[in-house]
1. Count, please, the residues in segment 139-150 that happen to be without any contact (Cβ under 8 Å) to a residue 60 or more places away in the chain and either surrounded by fewer than 24 Cβ atoms within 10 Å (Cβ to Cβ) or in contact with an Asp or Glu (Cβ under 8 Å, 6 or more places away or on another chain) (or both).
2. Do any residues in segment 175-186 that are under 15 Å from His205 (Cα atoms) have Cβ atoms under 8 Å from those of residues that are among the hydroxyl-bearing types (Ser, Thr, Tyr) and assigned to a loop (DSSP other than H, G, I, E, B), where the two are at least six apart or on different chains, and which pairs are they?
3. Would you confirm, using the coordinates I've provided, whether Thr194 is under 17 Å from the mean Cα position of the chain (by Cα) and of a type in the set (Val, Ile, Thr)?
4. Return only the number of the condition from (1) in contact with an Asp or Glu (Cβ under 9 Å, 6 or more places away or on another chain); (2) not in a strand (DSSP E or B) that Val25 does not satisfy.
5. Can we say Phe107 is among the aromatic types (Phe, Trp, Tyr), closer than 22 Å to Leu226 by Cβ and within 18 Å of the chain's Cα centre (by Cα)?
6. Is it true that Thr115 is touching a strand residue (DSSP E or B) at 6+ places or on another chain (Cβ under 8 Å), modelled with pLDDT of 95 or more and either loosely packed, with under 13 Cβ neighbours inside 10 Å or polar (S, T, N, Q) (or both)?
7. Given Phe207, Phe230, which one is surrounded by 13 or more Cβ atoms within 10 Å (Cβ to Cβ), in a loop (DSSP other than H, G, I, E, B) and either among the aromatic types (Phe, Trp, Tyr) or free of Cβ contacts under 8 Å to residues at least 40 places away in the same chain (or both)?
Amino acid sequence: MTTSTVATEWIDLNVDDQTTMRAWVARPEGPPPTRGLLLFQEAFGVNAHIRDLAERFAATGFLVIAPELFHRSAPAFEGRYDEFPTAMAELQKITVAGLDADVRAAFGWLERAGTAGNTAAVGYCFGGRVSFVANSALPLKAAVSYYGGNIPPLLGRAPHLSGPMLFFWGGLDHHISEEQRQAVVKGVGDADKTFVNVVFSNADHGFFCDARATYHPDAAAQGWALTHAFLDTYCPR
């Protein structure tokens, strides 16, 4: 599919554990982009919302790839936002080793496409956790995590973070406690890594997604602006 400024397509990637992973790619028209973006899905798959985000980021000059992280158990999975148990069943099948392999495959594709040395990551919900994983596994310039749950068990990887991290949280989020947020801040700080920590006190989990009941337009707009300021600082055009 092509809009006036962005071309999109599905591609297949070979992962080094001998699996094949589909990914959604969005690229700006015109000169080849010099910066790449790994875009990581929520628990609901590379759905219409994530594909739309890929186009939005591409329109700002990124070559974007959004890999399907449930490809081993549920290829082409797209869950409904009101059916969280279905998404949770797929989440429980995810392994960190599998994520490491997946992010390497997506990153390798970006590098071969011409964004070598200038790639960042952004992830939402489950993808916020994956963004942390990717930043500790790959030479990223920066990484953004929107309300990424279950990061504390991964804090042993904090000393390996390559680029600065930007964390977004909702103060009303009952899925991610204040204790979890503080553990992440302490773990990254103790590792002497650069980070920015933003809590929207009146926003809930999923506040950025306009397809969810918890969408918060003001927090989403501010998050979008802060995300671009952060990426433009560390992953310049």
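1. Total meeting the criteria: 3.
2. Listed pairs, sorted by first residue: His175/Tyr147; Ile176/Tyr147.
3. For Thr194, the condition - under 17 Å from the mean Cα position of the chain (by Cα) and of a type in the set (Val, Ile, Thr) - is not met.
4. That leaves (2) as the condition not met.
5. In short, no.
6. no
7. Phe207
The values are calculated or read from the model by the stated rules, or taken from the named source; none is laboratory data. Just so we're clear, the structure is a prediction, and the values are computed from it rather than from any experiment. Reconstructed Cβ throughout: ideal geometry from the backbone, glycine too, with neighbour counts over all protein chains shown.
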